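Before any comments, here is the structure.
The values are calculated or read from the model by the stated rules, or taken from the named source; none is laboratory data. The structure displayed is predicted, hence computed values, not measured ones. Ideal geometry is used to build each Cβ from the backbone, glycine not excepted, and the neighbour counts take in all protein chains shown. Side chains included, ligands, DNA and RNA excluded: accessible areas come from the protein's heavy atoms. Shrake-Rupley method; radii C 1.70, N 1.55, O 1.52, S 1.80 Å.
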Amino acid sequence: MPFRDSISEHRRIWLGVLFSVAVVVAIVAVLPADKFLSAPDTDMIGQEAAWRAFAADNIKTGHFPLWNPYDYGGQPFLGDFQSAEFYPPNVVYLFLPLARAVNLSYLLHLLLLGWGMGFWVTRRGGHPLAGLLAGLGLALSGPVFLRLYSGHLTHINTVAWSPWMFCALETSWRSRPLRPLLLAAACVCLQILGGSPQYVFYIAIAAGIHAVVYSLIEPAVRRRALPFVAMVYLCGAALAAAQLLPGLAASAEGVRQDKLAFGFARLISFPPESLLTTIAPDFFGNLSNVAYWGRYNVWETSAFVGVTGLVLAMLAPCAAACRRWACADWLIVAALFILALGDHTPVFRLLYDYAPFFGQFRGTAKFLFPTALFLFLNIGAGADAVIRGQLGPKPLALGLVFAGLVTFGLGYAIENNPGYLESLWTIAHQDNQSYVPTANFANEQFLQIIGLQACHGLMIGGWLFLASGVSLLLAHFRPACRWAVLVLYPLEMLFFAEAHLGTASLADVEPPGLAKYIAAHPGDYRVLNRARPENGYFLHAPDLWGDNPFALKRYAEFIASTQNVNLQGAGQYMSFTRLPKIFALLRFRIAYAQNEQGRELIDNPGALPHALLVTNYEVKPPPNRDAILAELNNAAFDPTKTVLLESEPSPQPQPNSTPGNVNTTVNNSDSLTFDVETPAPALLLITDLYSRDWHARPLPGSVQSSYEILPADYIVRAIPLSAGHHHLVVEYAPASLRLGLIVSGLAWLAWMTTLVFTWRSRGEKKNPLTP
């Protein structure tokens, strides 16, 4: 496989990159300062905007937040990988308005992904134009571009580094220099810091498959491929230890500490019928004028890579220069696509039962991205073959013409009889996997609309197959006709991208009624905002719940017990059917809920203060979770009078009708200061969630020399106090962060030293005066 290393070609590539960056910056500058390139009812407005604003605003004040008090009653922030606090490109949030920073991050990472794909194609010997087409296509493909609409910024951040990593690995296998290995390790580090551990895991699996296939077709690298992949991931993990170790420690306390239930883990497997989206991206509806009625969300199940892209990918194995590599890439595509199918093949159950970490995630449809990555290598190789006049056999072109006629005919049949879609919508609604109400399919007008949409998609795909086949046939006689396919491809991808853009305003993050009510009723309390549970930071009111997979397990079990839900199913998804009295323990004040008339506000004025003194307690040592939760849910239980502990406190509280006074100061998200005066030993009950990484230390003037934080009432914190004056600070300080910073610091020092050594060695070899 010829690897290009032309200085002139590299210069042209980097000039193109600089020009593209300038264009992206200009686009972001022209967009309104409060407009996001994501739809209103997606994760950008519901989650990511609040996280970015919370991190940036705290860092601007000199505080690096480790704990997020606004979601799930409080949860680790750095430990939630999606916070991406250590991700270097996120520095833009410190200097730009929020929406502009988000849009710039989106577009720059799409650019990074596209140019990485193009660079990989050219390193394999492809023409720069072929690399440009492959990179453009990947950035605008269904598995990537629709993440822009859905607001999955961390997903785009993470995947953007993958082509650079794979290209560096291939280079290191062939020539064994250190610099490509250093680049690959840095890319793994940036993927981890980018904020999507599921994509990191799936791309690592793809890297292993890539190494195995590469070893099969090139025996010379057989002893290096897999060991180099393992080395790169170990080094990348060490470089990212400052994020990785706190993330793993937080996961050990969270709802994802155990393997997911099989019924949950199997969800969002790629539906086989969604293969139709490879040639008709809007077959099941779209994101604008026709409701998407396929399974799950369209951004999870769109396999669109362009009809002309498929044509180019089919041409790749026909070119003698790259046939072996094209076949290898198709083999990797097939293996990854089987993984994307998830529960639709027996492979998923085997991996769920026996493969480490595989059962920690749901949504194997995300394997579509690494599948697309290797498919676009073939698209680049096919484009290179067309540019060089290698058009493949005439039967292939005739087959494309036939495929076009068949696809067009299917579209015409559906236009005349939308009932042909009945089996597909029946499949889509099994197990509630479609989010369109079943009643819609009894509506004749709705059936006509989706039938028309499906037929138009197939007809357009048919025309593109026909145009590609005819142009390739003609190119055997008139070579200039081959350019028709290369022109159609970017046009097809650009039209797809334009049709799937969404915008949202910063105003969409706040429900107006709730925001107005909170502003009129200031105080230290929590709300239950079912419309936007992750946006407590924008409302300046912490939320009782959230919508991300990093909820603390104790807390999820407590909430499940209050809603009469099986504790085995305690996780991020919860339907609140009741607001029990015990929610006062969490400083719950306002619920913003849906009723038959729309949204309504429910006020609960009995919220407890941030901290109070309690002198009565009961000890229920572990494992007594169920007994504690049962007592908490007992209507007679009063959290202001009694605290349920899991071990004996020291000193032991003494009953007292006047336990004393507490003054609470919230220093920042990770720290609180308490001034307490108590005439007798008591428990300082803090109505914030318990985590083992919260610690208390005395300040000058305290009667005690040390303090211990105990889990109280299963979910909150209690500190045993002796009689006297106490001045103490309670801080969130995970030991895993300190260890992670040390490991990362040493790893980056070794990385930089090795890089300098390799550059010096390279310079010495090029010095003609060196003997």
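Odds and ends about this structure:
- Residues located in segment 665-704, provided they are assigned to a strand (DSSP E or B), open to solvent by less than 40 Å² (accessible area, probe 1.4 Å) and more than 18 Å from Pro653 (Cβ to Cβ): Ser671, Leu672, Thr673, Asp688, Leu689, Trp694
- Odd one out for Gln654 among (1) open to solvent by less than 40 Å² (accessible area, probe 1.4 Å); (2) over 30 Å from Ala519 (Cα atoms); (3) among the polar types (S, T, N, Q): (1)
- Single residue of segment 735-771 satisfying the filter (at pLDDT 90 or above and of a type in the set (Phe, Trp, Tyr)) that is most open to solvent (accessible area, probe 1.4 Å): Trp748
- Those residues of segment 359-390 which are among the aromatic types (Phe, Trp, Tyr) and either within 16 Å of the chain's Cα centre (by Cα) or open to solvent by 20 Å² or more (accessible area, probe 1.4 Å) (or both), in sequence order: Phe361, Phe367, Phe369
- Restricting segment 553-586 to residues that are among the hydrophobic types (A, V, I, L, M, F, W, C) and assigned to a loop (DSSP other than H, G, I, E, B), the residue that is farthest from Ala252 (Cα to Cα) is Leu579.
- The single condition among (1) within 31 Å of the chain's Cα centre (by Cα); (2) at positive phi; (3) not polar (S, T, N, Q) that Phe550 does not meet is (2).
- Taken over segment 717-733, the criterion of being in a loop (DSSP other than H, G, I, E, B) and open to solvent by less than 10 Å² (accessible area, probe 1.4 Å) is satisfied by no residue.
- From the options Val213, Val188, Val144, residue that is touching a residue at least 24 places away in the same chain (Cβ under 8 Å), among the aliphatic types (A, V, I, L, M) and within 21 Å of Arg324 (Cα to Cα): Val213
- Number of the condition not met by Gly62 [criteria: (1) assigned to a helix (DSSP H, G or I); (2) open to solvent by 10 Å² or more (accessible area, probe 1.4 Å)]: (1)
- Condition check for Leu182: over 29 Å from Thr345 (Cβ atoms), more than 21 Å from the chain's Cα centre (by Cα), touching a residue at least 40 places away in the same chain (Cβ under 8 Å) and open to solvent by 10 Å² or more (accessible area, probe 1.4 Å): yes
- Counted residues, segment 475-517 - those being farther than 25 Å from Val305 by Cα, open to solvent by less than 40 Å² (accessible area, probe 1.4 Å) and at pLDDT 85 or above: 2
- Matching residues in segment 619-646 - criterion: being assigned to a helix (DSSP H, G or I) and over 19 Å from Leu683 (Cβ atoms): Arg625, Asp626, Ala627, Leu629, Ala630
- Selected residue (criterion: modelled with the lowest pLDDT) from residues of segment 158-179 that are open to solvent by 10 Å² or more (accessible area, probe 1.4 Å), part of a helix (DSSP H, G or I) and charged (D, E, K, R): Arg174
- Scan of segment 268-283 for residues that are closer than 18 Å to Gly363 by Cβ and crowded, with 18+ Cβ neighbours inside 10 Å, ordered by number: Ile268, Ser269, Phe270, Pro271, Ser274, Thr277
- From the options Leu129, Leu111, residue that is of a type in the set (A, V, I, L, M), farther than 17 Å from Ala206 by Cα, part of a helix (DSSP H, G or I) and within 24 Å of the chain's Cα centre (by Cα): Leu111
- Within segment 531-564, the set of residues being buried (at least 18 other Cβ atoms within 10 Å of the Cβ), at pLDDT below 90 and of a type outside the set (Phe, Trp, Tyr) comprises Arg532, Pro533, Glu534, Asn535, Gly536, Leu539, Ala541, Gly546, Asp547, Asn548, Pro549, Ala551.
- Only one entry in Ile628, Ile590 is open to solvent by less than 10 Å² (accessible area, probe 1.4 Å), touching a Phe, Trp or Tyr at 6+ places or on another chain (Cβ under 7 Å) and modelled with pLDDT under 90, namely Ile590.
- Counting residues in segment 728-739 that are over 36 Å from the mean Cα position of the chain (by Cα), more than 17 Å from Leu645 (Cα to Cα) and of a type outside the set (Ser, Thr, Tyr) gives one or more.
- Single residue of Leu466, Leu452, Leu472 found to be touching a residue at least 12 places away in the same chain (Cβ under 8 Å), in contact with a helix residue (DSSP H, G or I) (Cβ under 9 Å, 6 or more places away or on another chain) and surrounded by fewer than 16 Cβ atoms within 10 Å (Cβ to Cβ): Leu452
- Exactly one residue out of Tyr714, Tyr707, Tyr617 is surrounded by 15 or more Cβ atoms within 10 Å (Cβ to Cβ) and on the phi > 0 side of the Ramachandran plot: that is Tyr714.
- Qualifying residue in segment 438-450 (condition: within 30 Å of Ile602 (Cβ to Cβ), out of contact with any Phe, Trp or Tyr (no Cβ under 8 Å at 6 or more places or on another chain) and at pLDDT below 85): yes
- Residues within segment 237-263 that are under 22 Å from Lys366 (Cα atoms), in contact with a helix residue (DSSP H, G or I) (Cβ under 8 Å, 6 or more places away or on another chain) and part of a helix (DSSP H, G or I), tallied: 5
- Only helices (runs of 4 or more DSSP H) whose full extent lies in segment 270-370 are considered here, and the ones with at least 1 residues that are modelled with pLDDT under 90 are 298-301, 323-341.
- Scanning segment 646-678 for residues that are within 37 Å of the chain's Cα centre (by Cα) and touching a residue at least 24 places away in the same chain (Cβ under 8 Å) turns up Glu646, Thr664, Val666, Asn667, Asn668, Ser669, Asp670, Ser671, Leu672, Thr673.
- Segment 484-519, residues that are in a helix (DSSP H, G or I), in contact (Cβ under 8 Å) with a residue 60 or more places away in the chain and either closer than 30 Å to Leu391 by Cβ or among the β-branched types (Val, Ile, Thr) (or both): Val485, Leu486, Leu488, Tyr489, Pro490, Glu492, Met493, Leu494, Phe496, Ala497, Val509, Ile518
- Screening Val255, Val229 for residues that are modelled with pLDDT of 90 or more and either crowded, with 21+ Cβ neighbours inside 10 Å or closer than 30 Å to Leu567 by Cα (or both) leaves exactly one candidate, Val229.
- For segment 653-673, the tally of residues that are under 15 Å from Leu721 (Cα atoms), at pLDDT below 95 and of a type in the set (Ser, Thr, Tyr) stands at 1.
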